[in-house]
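A quick write-up on the structure given underneath.
The values are calculated or read from the model by the stated rules, or taken from the named source; none is laboratory data. Note that the coordinates shown come from a computational prediction; the quantities given were computed from them, not determined experimentally. Neighbour counts run over all protein chains shown; Cβ positions are idealised from the backbone, glycine included. Protein only, heavy atoms only, side chains kept; ligands, DNA and RNA dropped before computing areas. Shrake-Rupley method; radii C 1.70, N 1.55, O 1.52, S 1.80 Å.
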2 protein chains.
Amino acid sequence: MYVVGHKIPDSDSICGAIALAYLKNQIGEAATAARLGELSPETAFILDKFGFEAPELKLSYAGENVYIVDHSEVTQAPDDIAQATIVGIVDHHKLGDLTTSTPLECWIRPVGCSNTIIKMMYDFYNVEIPKNIAGIMMCAILSDTVIFKSPTCTTADIKCVEALAEIAGIEDFKALGMEMFKVKSAVLGTPARDLVMRDFKDFNMNGNLVGIGQLEVIDLSVFDEIRADLEADIVKLKAEGNRHSVFLLLTDIMKEGSQILIASDDESLIERAYGVTPVEGKAWLDGVLSRKKQVVPPLQDAFA
Amino acid sequence: MYVVGHKIPDSDSICGAIALAYLKNQIGEAATAARLGELSPETAFILDKFGFEAPELKLSYAGENVYIVDHSEVTQAPDDIAQATIVGIVDHHKLGDLTTSTPLECWIRPVGCSNTIIKMMYDFYNVEIPKNIAGIMMCAILSDTVIFKSPTCTTADIKCVEALAEIAGIEDFKALGMEMFKVKSAVLGTPARDLVMRDFKDFNMNGNLVGIGQLEVIDLSVFDEIRADLEADIVKLKAEGNRHSVFLLLTDIMKEGSQILIASDDESLIERAYGVTPVEGKAWLDGVLSRKKQVVPPLQDAFA
């Protein structure tokens, strides 16, 4: 079987695929980690730090058994997923529109990161986690929970990071987390499209295709020189993909809030969803760190 | 929260709702077991044997938190499930078309019965199973796995029944299983429609509504006097519900096979799905005990 995360993979998708493939092999189910796209600088930093190569880049899965990591959405899955057999899903998002024609296993929990659930799977099967795999799992959780600041972070995530840090032999995991977010904050010199697409997800909202990107940095001033380029690019991206809307969240993890850049057929959605009035295609969403928990659900309600 | 199984509830749906509601209350999450329809004679026998009342009959869930048991299909869920919040799903079928707008927990495993998974949940939360709850869980698994004869039965189901039998203090669980199936086999004197609907599920197959009922007995001769009534009734049911097809499986658990009664816009589906040619709207499917594993997937492929 192949273990693969979502399109435009983030650290949870990549580290989760590696960690889960290792676990499956240990319990006698041959598995290969794969990915649907390029590594982000953050993920490259994590894999490099713990001595891993990138998983195999594989876009087509027709006829294969596939274990899905970190989503349950058709738009985020391989294009030919309907021709594959989904044998399992590990995820921490809302339940999406993937369906199967055969029974499968789903480990879905309302926690901050898929890797927290994968740690539960290791515990369930009583398999020891190697030091370097504990390291990448821990980093994925620190990334997804914004070092525990995100409202998606649960006690389970915190306990999991503490346990993994001990296995990996990392004393100051918060310092490592900040190092990761510094890597993430180095946005200058990168083309606008690459930044917009770095952590970008398409959603089907009441029949409308809505793309939402997010860039998490330790100081929004890094965007001062390139914000206009980003704004122009999401307008282009909206037209190219025939989307109803494209939003880009510029998240300040120290100030704990996000500036949302808006390209939409209906800007009033933002007012209805978040109770703020956009000015010149932008709005500040105070306290908003999580796309999954704070951005998607109110938007989905506004579309409904 | 309400814990509720599928429409036309079987023993897994009812016993699972009771067992899971108890577990949730033990871990500090207030929960009430509910049901979407009348008890089958088998389920009534089980509840009576272990001293339970039927869960509350409740059809509307708008505005409520709901934990779904034994399916993940819109057609099998409460009619107003879109106005409820699904907080969790425990299931052992193919992944259906239920979706959510918020993260949830899904305990879905490719095993023979939802109650086997609920036992895993008790183990995960380290909650002791009361004797009478162990009894109804055990009976649900014996029912769903046809006393371990069904191809859906896994090692996990067998081990789970053994553990639950010990907790419940039942020495000969196979004898209790046969007693249950004898209750199920008492079909004479029951109106045809009640029998057709006793364990009936609607599926969306490539846009077509397909209803499949199943009656499991210890000797098919019990149907000799009423087969013609059943055949006439599924033709009516098909027309009433605007269905593409209605099938009724008459399953002989001792001979280990099923006679399928057919009312369909396209009888050739049966040939394509199962490789047998129907004669006078009926066919014998040798070795077929499981709707989920042996009947639905080939039919779904035939529709695709």
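Search the stretch A:183-206 for residues being of a type outside the set (A, V, I, L, M, F, W, C) and without any contact (Cβ under 8 Å) to a residue 40 or more places away in the chain, and hand back the single one that is surrounded by the fewest Cβ atoms within 10 Å (Cβ to Cβ).
Across the stretch A:183-206, the extreme among qualifying residues is A:G189.
Are any residues in the stretch A:148-177 more than 14 Å from every other protein chain (Cβ to nearest Cβ), assigned to a helix (DSSP H, G or I), aliphatic (A, V, I, L, M) and open to solvent by 30 Å² or more (accessible area, probe 1.4 Å), and if so, which ones?
Of everything in the stretch A:148-177, those that are more than 14 Å from every other protein chain (Cβ to nearest Cβ), assigned to a helix (DSSP H, G or I), aliphatic (A, V, I, L, M) and open to solvent by 30 Å² or more (accessible area, probe 1.4 Å) turn out to be A:I158, A:A163, A:I167, A:A175.
Exactly one of these conditions fails for A:M180: (1) in a helix (DSSP H, G or I); (2) in contact (Cβ under 8 Å) with a residue 40 or more places away in the chain; (3) open to solvent by 60 Å² or more (accessible area, probe 1.4 Å). Give me its number.
Every condition holds for A:M180 apart from (3).
Looking only at the stretch B:154-167, which residues are without any contact (Cβ under 8 Å) to a residue 40 or more places away in the chain and farther than 13 Å from B:G112 by Cβ?
Passing the criteria: B:E162, B:A165, B:E166, B:I167.
Pick from B:T85, B:T75: which is within 13 Å of chain A (Cβ to nearest Cβ), farther than 15 Å from B:S11 by Cβ and modelled with pLDDT of 95 or more?
B:T85 is the lone residue from the list that is within 13 Å of chain A (Cβ to nearest Cβ), farther than 15 Å from B:S11 by Cβ and modelled with pLDDT of 95 or more.
Does B:I136 count as within 10 Å of chain A (Cβ to nearest Cβ) and within 17 Å of the chain's Cα centre (by Cα)?
The answer is no for B:I136.
Within the stretch A:183-224, can you find the residues that are at pLDDT 95 or above and of a type in the set (K, R)?
A:R193
Select from the stretch A:100-125 the residues that are open to solvent by less than 10 Å² (accessible area, probe 1.4 Å), in contact with a Gly (Cβ under 9 Å, 6 or more places away or on another chain) and either modelled with pLDDT under 95 or more than 8 Å from chain B (Cβ to nearest Cβ) (or both) and list them in ascending order.
A:C113, A:S114, A:N115, A:I117, A:I118
Any idea which residue in the stretch B:258-298 is nearest to the other protein chains (Cβ to nearest Cβ), counting only those that are over 23 Å from the mean Cα position of the chain (by Cα) and on the phi > 0 side of the Ramachandran plot?
Only one residue fits best here, namely B:G275.
For the stretch B:40-75, which positions are surrounded by fewer than 22 Cβ atoms within 10 Å (Cβ to Cβ), closer than 30 Å to B:A165 by Cα and of a type in the set (D, E, K, R)?
Listed by number, the residues that qualify are B:D48, B:K49, B:E53, B:E56.
Spot the failing condition for A:D97; the list is (1) within 12 Å of another protein chain (Cβ to nearest Cβ); (2) closer than 19 Å to A:T43 by Cα; (3) surrounded by fewer than 17 Cβ atoms within 10 Å (Cβ to Cβ), and only one is missed.
Single failed check for A:D97: (2).
What is the number of the single condition among (1) open to solvent by 10 Å² or more (accessible area, probe 1.4 Å); (2) free of Cβ contacts under 8 Å to residues at least 40 places away in the same chain that A:D10 does not meet?
The single condition A:D10 does not satisfy is (2).
For the stretch A:79-88, indicate whether the set of residues that are touching a Ser or Thr at 6+ places or on another chain (Cβ under 7 Å) and under 23 Å from A:M205 (Cα atoms) is non-empty.
Looking through the stretch A:79-88, at least one residue is touching a Ser or Thr at 6+ places or on another chain (Cβ under 7 Å) and under 23 Å from A:M205 (Cα atoms).
Restricting the search to the stretch B:183-202, which residues are part of a helix (DSSP H, G or I) and more than 30 Å from B:P130 (Cα to Cα)?
Across the stretch B:183-202, the qualifying residues are B:A192, B:R193, B:D194, B:L195, B:V196, B:M197.
Which members of the stretch B:76-96 meet the condition of being touching a Leu at 6+ places or on another chain (Cβ under 9 Å) and not in a loop (DSSP other than H, G, I, E, B)?
Once the filter is applied, which keeps residues that are touching a Leu at 6+ places or on another chain (Cβ under 9 Å) and not in a loop (DSSP other than H, G, I, E, B), the stretch B:76-96 yields B:Q76, B:I81, B:T85, B:I86, B:V87, B:G88, B:I89, B:V90, B:K94.
Go over the candidates A:G5, A:G37 one by one and state the one that is touching a Gly at 6+ places or on another chain (Cβ under 8 Å), open to solvent by less than 60 Å² (accessible area, probe 1.4 Å) and not polar (S, T, N, Q).
Testing whether each residue is touching a Gly at 6+ places or on another chain (Cβ under 8 Å), open to solvent by less than 60 Å² (accessible area, probe 1.4 Å) and not polar (S, T, N, Q) leaves just A:G5.
In the stretch B:207-230, what residues are crowded, with 18+ Cβ neighbours inside 10 Å and touching a Lys or Arg at 6+ places or on another chain (Cβ under 9 Å)?
Result: B:V210, B:G211, B:I212, B:G213, B:Q214, B:L215, B:E216, B:V217, B:L220.
Any residue that is surrounded by fewer than 24 Cβ atoms within 10 Å (Cβ to Cβ), within 26 Å of B:R243 (Cα to Cα) and more than 9 Å from chain A (Cβ to nearest Cβ) - is there at least one of those in the stretch B:126-133?
No; the residues of the stretch B:126-133 include none that is surrounded by fewer than 24 Cβ atoms within 10 Å (Cβ to Cβ), within 26 Å of B:R243 (Cα to Cα) and more than 9 Å from chain A (Cβ to nearest Cβ).
Inside the stretch A:19-75, can you point out the residues that are closer than 21 Å to B:C106 by Cα and outside any strand (DSSP E or B)?
Correct list: A:A19, A:L20, A:A21, A:L23, A:K24, A:D70, A:H71, A:S72, A:E73, A:V74, A:T75.
Determine which single condition A:D301 fails, assuming it passes every other condition in (1) closer than 25 Å to A:E179 by Cα; (2) within 14 Å of chain B (Cβ to nearest Cβ); (3) of a type in the set (D, E).
Against the list (1) closer than 25 Å to A:E179 by Cα; (2) within 14 Å of chain B (Cβ to nearest Cβ); (3) of a type in the set (D, E), A:D301 comes up short only on (1).
Keeping to the stretch B:251-287, report how many residues are over 21 Å from B:K149 (Cβ atoms), small (G, A, S) and surrounded by 15 or more Cβ atoms within 10 Å (Cβ to Cβ).
The total comes to 4.
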